Amino acid sequence: MKKANKLTSIDVIILNFESYLDTINCVKYLQKQEKIELNILIVDNCSSNKSYDILKDIYLEIKNIEVILSEKNGGYAYGNNFGLHHLEKKNIDFIVISNNDIMIKDTLLLFKMAEQYKKLNKPAFIAPLMHDNGKISKMSAWKIPKFIDDLKGSLFTLDFLFRDEDFYRGRQIYNTDHLSKMKPVDCLAGSFFMGVKKVFFDMGLLDENTFLYMEESIIGIKVKRLGLNNYLLYNLNYNHLSSQTISNHLSFIKMHKYAFKSKIYFHKAYLKSSNSKIFLLKSLFEVWKIESYFVRKIKIYLSVKK
């Protein structure tokens, strides 16, 4: 009697912070995935509400779902590293890092991703095309940022002036008009991507000196240093619900402060930017604070007028 082929094992790490309802919905979509051996690890990143207890209780009897609690809320990199360390000794074919605010309609998505990964040239990480609320996102992938990119993206006015089909939100993006099956790219969106455990640990995991921002660009640099490639799979897609987890719990100003702090770290640690360049970025951030105040006032005024 012929022995059945072993299913590809895929462990998905979902980082939860406060928004346990999003996590429950995300798990519902993942549990519909077919033709793979699926396990889900939910890492509660020290939520201040009852997220951990609620999720632990809901999935207590579900064999392929485990809920663990991190030691602190150290952000995206720390929380996912906590999950990766938890899986370090486990025999797994692939690991997926996933936000909890994603929606997957294709029940064979993970199977297709794993099969395509096996055929690629020196792959590190792969990701499907990201859709933001149903529309193709320009931020599915981008080139490793340079100083000039962050300079142009530092103010609303500068970003608006320089924005074109190849530059968006301070990033040199890839043109998605001419779609093919897959494309090597520098950086992938961190909301949903797949890799093998060896690559995660060979690159030293995610850099925990960041908090919510710049992690993907740092991964892009680390992957290049390993002589590997990231790939965007244009023939596959998932839906990302616009960072609801972050925006629901952080103010607009606080989000940008975290982004700026991570950006400065990135320039110092990875781009080795000069002190004068760092000073210029810091100065423009102070200008941005004033600019953002007036932009928000104008938006409020226009909304009232309507």
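Overview of results
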{"item": "Ranked packing of 100-107, 11-18, 135-142, 286-293, most packed first, by mean Cβ within 10 Å", "result": "11-18, 135-142, 100-107, 286-293"}
{"item": "Point-to-point label distance, residue 302-residue 208, nm (Cα→Cβ direction, 7 Å offset)", "result": "4.3 nm"}
{"item": "For region 107-216, convex hull of alpha carbons as volume per residue, Å³", "result": "141 Å³"}
{"item": "Amide H within-cut-off set for residue 193, under 5 Å, with H built and near neighbours excluded", "result": "97"}
{"item": "Cβ charges +1 (Lys, Arg) and -1 (Asp, Glu), total dipole of the chain, debye", "result": "660 debye"}
{"item": "Where region 33-178 is the region considered: accessible area per residue in Å², 1.4 Å probe", "result": "50 Å²"}
{"item": "Gain upon complete extension [residue 37, residue 156; 0.36 nm per residue less C-alpha separation]", "result": "38.3 nm"}
{"item": "Percentage relative contact order, the chain, counting C-alpha pairs under 8 Å, at least six apart", "result": "20 percent"}
{"item": "5 angstrom amide H check on residue 185, placed H, neighbours 5+ away", "result": "230, 231, 232"}
{"item": "P(r), alpha carbons of the chain - 10 Å bins starting at zero, rounded %", "result": "6, 26, 35, 23, 9, 2, 0, 0"}
{"item": "Most positive-pole-ward Cα, 5, 235, 45, against dipole of the chain from beta carbon charges", "result": "235"}
{"item": "Entries of 146/183; 35/224; 89/268; 90/198; 105/197 with Cα pairs more than 23 Å apart", "result": "35/224; 89/268; 105/197"}
{"item": "Solvent-accessible area, 1.4 Å probe, carbon plus sulfur percent, for the chain", "result": "56 percent"}
{"item": "Using a Förster distance of 30 Å, the FRET efficiency for residue 89-residue 58 (Cβ separation, nearest 0.05)", "result": "0.70"}
{"item": "Furthest towards positive pole of dipole, 187, 162, 294, structure part the chain, Cβ charges", "result": "162"}
{"item": "Under-5 Å amide H pairs with residue 132, H placed in peptide plane, nonlocal only", "result": "137, 240"}
{"item": "Distance (nanometres) between label positions extended 7 Å along Cα→Cβ at residue 163 and residue 254", "result": "2.7 nm"}
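The values are calculated or read from the model by the stated rules, or taken from the named source; none is laboratory data. Because the structure is predicted, anything quoted here is derived from the model rather than measured. Note that each Cβ is placed from the backbone with ideal geometry, even for glycine, and that neighbours are counted across all protein chains shown. Surface accessibility is based on the protein's heavy atoms, side chains included, excluding ligands, DNA and RNA. Shrake-Rupley method; radii C 1.70, N 1.55, O 1.52, S 1.80 Å.
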